[in-house]
1. Kindly check whether there is at least one residue in region 147-159 that is closer than 19 Å to F42 by Cα and surrounded by 18 or more Cβ atoms within 10 Å (Cβ to Cβ).
2. Pull up region 80-96, narrow it to residues that are aliphatic (A, V, I, L, M) and surrounded by 15 or more Cβ atoms within 10 Å (Cβ to Cβ), then point me to the one that is farthest from the chain's Cα centre (by Cα).
3. Looking only at region 49-67, filter to residues that are modelled with pLDDT of 95 or more and more than 17 Å from the chain's Cα centre (by Cα); which one of those is nearest to H200 (Cα to Cα)?
4. Which pairs do you get when a residue that is within 16 Å of R51 (Cβ to Cβ), found in region 122-135, comes within reach of a residue that is in a loop (DSSP other than H, G, I, E, B) and modelled with pLDDT under 80, reach meaning Cβ atoms under 7 angstrom, with the pair 6+ apart or on two chains?
5. So V97 ticks every box in (1) modelled with pLDDT of 95 or more; (2) over 25 Å from E140 (Cβ atoms) but one. Which box is left unticked?
6. Condition first: charged (D, E, K, R) and either at pLDDT below 95 or farther than 24 Å from I116 by Cα (or both). Now tell me which residues in region 147-178 satisfy that.
7. How about region 65-93: which of its residues are within 16 Å of Y142 (Cα to Cα) and of a type in the set (K, R)?
Amino acid sequence: MEKDKKNNSLEEPFTEYGRYSYADYLTWEIEGMVELIKGKVFREVAAPKMRHQAISVNVTSKLFYFLEKKTCKVFAAPFDVRLPVNSKKDEDITTVVQPDICVICDPKKIDEAGCIGAPDLVVEILSPGNSKKELKYKYEVYEESGVKEYWIIQPEMENLMIYTLKQGKYVASRLFTRGDVVKSTCIEGFELDLEDIFGHL
């Protein structure tokens, strides 16, 4: 696939050709969210729906106030998370994702470009167009890179699933829904009442 030299954009289709790195990613000027997963490009053109954004704000704010004055920090998309395998060089990194919400407890992983290395907690809020990406591709890279907890929220179904990393593999929780209070194992003391998240939409 040829790169447009005038504006450094890429021609479609993004996911069918080539293998790209974070170094390539930094040269692109593309509207909408773009992520790299194992060298393949995934583009989300449409803006998230209202329910998605409302849930994101609710969860982010609860994490923000809980973590205030603590070492761990919460970030919401757009925020680049680079997941290196063997090398942290831009040209060697082939996975760059923008989780809806992430919590990072190691300050050394945070720089001006975002995060380099696995966050402790990742929260993804599904949209109709990106469910396959979250459920398959991101699940794999989060597990492989060592994300301790991976939360998947389904706005339309009003539920939440937690995947906890144990001995290098994710173990799924039961399905949580309105009326449940979920607890994080990696963010000690943090609880989320799902009635607060879904009850005001």
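The values are calculated or read from the model by the stated rules, or taken from the named source; none is laboratory data. As the structure is a prediction and not an experimental result, all values here were calculated from the model. Positions of Cβ are backbone-derived with ideal geometry, glycine not excepted, and every protein chain shown enters the neighbour counts.
1. yes
2. Filtering region 80-96 for residues that are aliphatic (A, V, I, L, M) and surrounded by 15 or more Cβ atoms within 10 Å (Cβ to Cβ), the one farthest from the chain's Cα centre (by Cα) comes out as I93.
3. Restricting to residues being modelled with pLDDT of 95 or more and more than 17 Å from the chain's Cα centre (by Cα), the top hit is K62.
4. These pairs meet every condition: G129/A46.
5. (2)
6. The initial filter retains those residues of region 147-178 that are charged (D, E, K, R), namely 148-149, 156, 158, 166, 169, 174, 178.
Matches in region 147-178: E156, E158, R174, R178.
7. R82
To keep it simple, each residue is scored yes or no on (1) in contact with a Ser or Thr (Cβ under 8 Å, 6 or more places away or on another chain); (2) free of Cβ contacts under 8 Å to residues at least 24 places away in the same chain; (3) surrounded by fewer than 17 Cβ atoms within 10 Å (Cβ to Cβ).
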residue: D24; (1), (2), (3): no, yes, no
residue: V57; (1), (2), (3): no, yes, yes
residue: K69; (1), (2), (3): no, yes, yes
residue: P78; (1), (2), (3): no, no, yes
residue: Q98; (1), (2), (3): no, no, no
